[in-house]
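The values are calculated or read from the model by the stated rules, or taken from the named source; none is laboratory data. None of the values given here were measured: they were computed from a predicted structure. Cβ placement follows ideal geometry from the backbone for every residue including glycine, while neighbour counts extend to all protein chains displayed. Heavy atoms of the whole protein, side chains included, go into the accessibility calculation; ligands, DNA and RNA do not. Shrake-Rupley method; radii C 1.70, N 1.55, O 1.52, S 1.80 Å.
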Amino acid sequence: MARWDTLLANVHLATVSGTEPYGIVENAALAISAGRIAWLGPARDLPGSPQDLARRVLYLGGRWATPGLIDCHTHLVYGGNRAREFELMLKGVSYTEIFKAGGGIRSTMKATRAADEDELFATAAGRMKALLGEGVTTLEIKSGYGLDLDTELRMLRVARRLGRELPVQVVTTFLGAHACPPEHDGDKDGYIDFVTQSVLPRVVKEGLADAVDGFYDPLGFSAAQIDRLFAAAKDHGLPVKLHAEQFADLNGGALVARHRALSADHMEYVSPEGIAAMAGTGTVAVLLPGAFYFTHETQVPPVAAMRARGLPVAVATDSNPGSSPALSLVLMMNMACVLFRLTPDEALKGVTIQAARALGLAADRGTLEVGKRADIAVWDIGHPVELSYAIGANPCAGAIRGGDVVLDRGAFGAA
Ligand code: NIG
Ligand code: FE
């Protein structure tokens, strides 16, 4: 009797575990049973010949395998796009000015309110396929372009449906506190009341959200308003995360630390005090180089200080129509290295284990280790540094999710 369901052979592993960069095991094998990693190590340590050990042997032709990539911050579901605002930005009008003139998040709000569920599903699925083609096996999607009850619920239902119909696990986040809609102009407190008393309970009742997020910024909401939002999330047993320190230092580190948030995202302007407050709390700093690049930001997130304080650092696309129309997580790895000076090892951790941590899933995935989900990306590369090195390449040759092959570009050949 074969002891394993599947054995990956003739493969090099970047396990992203242990203390060595990339957690490399060369000339390796990896066994899968019941959708989880059952064994891994140097092939010479296998307790028999591959065919005797597993019902199915996949020969990877000397390719590299990493944990399936995790995009832990996206706004993938939305109506329309903001290409015309892009033209304005190139003429020198800032993201903030466009927002204040009634564009920005509000213009996507109008297009999203006008889009039905099938339209939102189809456009998001198209974008998602680009990410899945890079070995992304887990992906977070936020609401936040409805800003009314029906559209927030519709966005989250679409996100759930994407997870059911495409071969990826979707983690959903309720971002009702993304911006104040016209119905509540001049009354952000009233809007937060509406979000916490009318929308969040419905979201929870329908099981539509895995976490709650907000936009902590003068364009978004104040610390007192975020405190109220997070208190409501806690009452419903939901973890929280925050868009923080994107355009200014607002002491967001202390705010997220106080709430033991899963993550604080953007973080260009976080202060040394903010980093100190977050250190040791488990909160992950999620860096979004696409938004930094696209909004012509010049303030680089203080990566060296984060590193010095042992803050976990993740990297994500922030895929959205206004500040980061990005559909490549692999490109974000390169940008995180070049623009933010992450090491390529940190960039790989940033889209695997640290991204898993930012979603509260680190015990289940994010590394290649026995017991974790068999979510695996297979790459046509000679060394894992190449994932961060190339600009605009997609060396993904295949992907496995929960033990099933979900992407095959010729990765799984014969011996
Ligand atoms: O992560 N900063 C707020 N939210 C998004 C942008 C959303 C938008 O512009 O549509 C972000 O950058
Ligand atoms: Fe965002």
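Quick notes
- Residues of the stretch 348-399 that turn out to be over 25 Å from Ala31 (Cβ atoms) and not basic (Lys, Arg), as a count: 14
This table checks each residue for (1) open to solvent by 50 Å² or more (accessible area, probe 1.4 Å); (2) touching a strand residue (DSSP E or B) at 6+ places or on another chain (Cβ under 6 Å).
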site	(1), (2)
Arg44	yes, no
Ala54	no, yes
Thr66	no, yes
Gly79	no, no
Glu87	yes, no
Glu97	yes, no
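- Contacts under 6 angstrom Cβ, first residue in the stretch 70-83 being over 16 Å from Lys129 (Cα atoms), partner open to solvent by less than 10 Å² (accessible area, probe 1.4 Å) and hydroxyl-bearing (Ser, Thr, Tyr), 6 or more apart: Gly79/Thr112
- Segments classed as strands (runs of 3 or more DSSP E), wholly inside the stretch 50-160, with at least 1 members that are within 25 Å of Ser263 (Cα to Cα), hydrophobic (A, V, I, L, M, F, W, C) and more than 13 Å from ligand 1 (Cβ to nearest atom): 69-71, 136-142
- Boolean, Gly237 is within 25 Å of Val195 (Cα to Cα), over 20 Å from the mean Cα position of the chain (by Cα) and within 15 Å of ligand 1 (Cβ to nearest atom): no
- Of the helices (runs of 4 or more DSSP H) lying entirely inside the stretch 315-398, those carrying at least 3 residues that are within 16 Å of ligand 1 (Cβ to nearest atom) and closer than 19 Å to Asp265 by Cβ are 329-340.
- For the stretch 402-415, the condition holds for no residue, the condition being that it is buried (at least 23 other Cβ atoms within 10 Å of the Cβ), not aliphatic (A, V, I, L, M) and not in a helix (DSSP H, G or I).
- Near pairs, Cβ below 8 angstrom, 6+ apart or cross-chain, from the stretch 309-337 (closer than 23 Å to Cys396 by Cα and in contact (Cβ under 8 Å) with a residue 60 or more places away in the chain) to any residue that is of a type in the set (D, E, K, R) and away from ligand 2 (no atom under 16 Å from the Cβ): Ala314/Arg357; Ser328/Glu134; Leu329/Glu134; Val330/Glu134
- Yes/no for Ala177 being farther than 30 Å from Leu407 by Cβ and at pLDDT 95 or above: yes
- Of the set (1) within 16 Å of ligand 1 (Cβ to nearest atom); (2) among the polar types (S, T, N, Q); (3) part of a helix (DSSP H, G or I), all apply to Ser198 but (1).
- Gly79 vs. criteria assigned by TED's automatic domain parsing to the domain that holds Ser319, more than 16 Å from Ala326 (Cα to Cα) and more than 16 Å from ligand 2 (Cβ to nearest atom): no
- Pairing residues of the stretch 146-160 that are closer than 15 Å to Val170 by Cβ with residues that are of a type outside the set (A, V, I, L, M, F, W, C) and buried (at least 18 other Cβ atoms within 10 Å of the Cβ), at Cβ distances under 6 Å and at least 6 apart in sequence or on separate chains, gives Met155/Ser143; Met155/Gly146; Leu156/Ser143; Leu156/Thr172; Ala159/Thr172.
- Some residue of the stretch 193-207 being in contact with a strand residue (DSSP E or B) (Cβ under 6 Å, 6 or more places away or on another chain), open to solvent by 50 Å² or more (accessible area, probe 1.4 Å) and assigned by TED's automatic domain parsing to the domain that holds Glu140: no
- Among the candidates Leu149, Leu166, Leu162, Leu175, residue that is open to solvent by less than 10 Å² (accessible area, probe 1.4 Å), in the same structural domain as Arg127 (by TED's automatic domain parsing) and more than 14 Å from ligand 2 (Cβ to nearest atom): Leu162
- Checked across the stretch 198-221, the condition of being in contact with a helix residue (DSSP H, G or I) (Cβ under 6 Å, 6 or more places away or on another chain), over 27 Å from Met335 (Cα atoms) and of a type in the set (Val, Ile, Thr) holds for at least one residue.
- Pairs, first closer than 11 Å to Tyr145 by Cβ in the stretch 106-124, second open to solvent by 40 Å² or more (accessible area, probe 1.4 Å), C-beta under 6 Å, six or more apart: Ala111/Gly80
- Of everything in the stretch 320-331 that is away from ligand 2 (no atom under 13 Å from the Cβ) and within 29 Å of Arg106 (Cα to Cα), the residue that is least open to solvent (accessible area, probe 1.4 Å) is Leu329.
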